[in-house]
Structure formats: structure tokens, C-alpha cells
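Working notes, beginning with the structure itself.
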């Protein structure tokens with residue numbers, strides 16, 4: 001019985017210690033701080049060797065630019081441009097081209113619900129289809 005109580009006490013004390021040891025979630029006072037933090041992390045992701053991480057960073061960058069068109073993403077565009085020029089995967093290079101197009105002209109895409117509401121799996125396909133239908137093909141009215 002004494003061992004059981006001692007064991008339970010030790011478990012409770014360890015749980016309390018662990019609870020206080022965990023760093024609370026990072027809070028940001030302004031949107032600018034949140035965007036600066038995101039930009040730092042996106043740059044690191046764009047410079048990684050993981051294609052999935054690179055593609056996610058490009059998607060998030062494009063979505064951020066559509067949501068906050070006034071945000072300066074020139075560093076991110078520069079990193080995306082390097083992916084577009086040098087990445088070994090043609091698919092990733094094409095996605096980089098789409099992301100750069102969105103970042104350079106977010107107003108062209110921001111009103112298109114299929115792009116704005118797209119999840120990570122359909123984002124580039126929706127943006128590519130929109131580009132093909134509105135910018136790359138002849139429109140006859």
C-alpha cells in the first residue's frame with residue numbers, strides 16, 4: 001500500500017514538473033510579428049532538400065501573399081526562383097513557377113475561390129488550371 005502511494009505521488013509530481021517545463025505556445029502581439037516568424041521558417045523550408053517541405057513552403061508563401069498583398073515577400077520569391085531554376089524535379093520547378101506568378105500578381109488569383117479555398121493537395125492544380133484558362137489560352141468573348 002505504501003509503495004502504491006509513493007508511486008502515485010512520484011507520478012503526480014513528475015506530471016506537474018513536466019507541465020511547467022513545457023514552453024507555452026508562442027504568442028504574437030501583431031500580424032507583422034507573425035508574418036516575420038513565418039517568413040523565417042518558410043525561408044528555411046525553401047532551402048531544404050525535402051521536396052514535400054519545399055512545395056508546402058511555396059504554397060504557404062503564395063497563400064500568404066494572396067491574403068496579405070502588401071507584405072514584402074521578396075526574400076521568399078528569390079528562394080522560390082532558385083527552386084524554379086535549379087531543382088531536379090520538373091514538377092517542383094513548375095510549382096515554383098506557379099507560386100512566383102501568384103506572389104508577383106496576387107490580385108489576379110485572390111478572387112478565385114477554387115484557389116483560395118484549395119487544400120495543400122489541390123492548390124497547385126487549381127492555380128494551374130486557372131492560369132491555363134485565363135492567361136495561357138485564347139479567350140473569345
Contour minus Cα-Cα distance for residue 43 and residue 113 (0.36 nm per residue)
22.5 nm
Checking rank on 92-103, 37-48, with mean other Cβ inside 10 Å and highest first, the result is 92-103, 37-48
Using the alpha carbon gyration tensor of segment 31-134, what are the three equivalent-ellipsoid semi-axes (square root of 5 times each eigenvalue), largest first, in whole Å?
19, 18, 11
Spin-label pair residue 86/residue 132, simplified geometry with 7 Å Cα→Cβ offset, distance in nm
3.1 nm
With contacts defined as alpha carbon pairs under 8 Å and 6 or more residues apart, what's the relative contact order of segment 26-141 in percent?
22 percent
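Coordinate-derived values only; no laboratory data. Keep in mind that what you see is a predicted model, and the values were worked out from it rather than measured. Because the Cβ atoms are built from the backbone with ideal geometry, glycine has one as well, and the counts that use them run over all protein chains shown.
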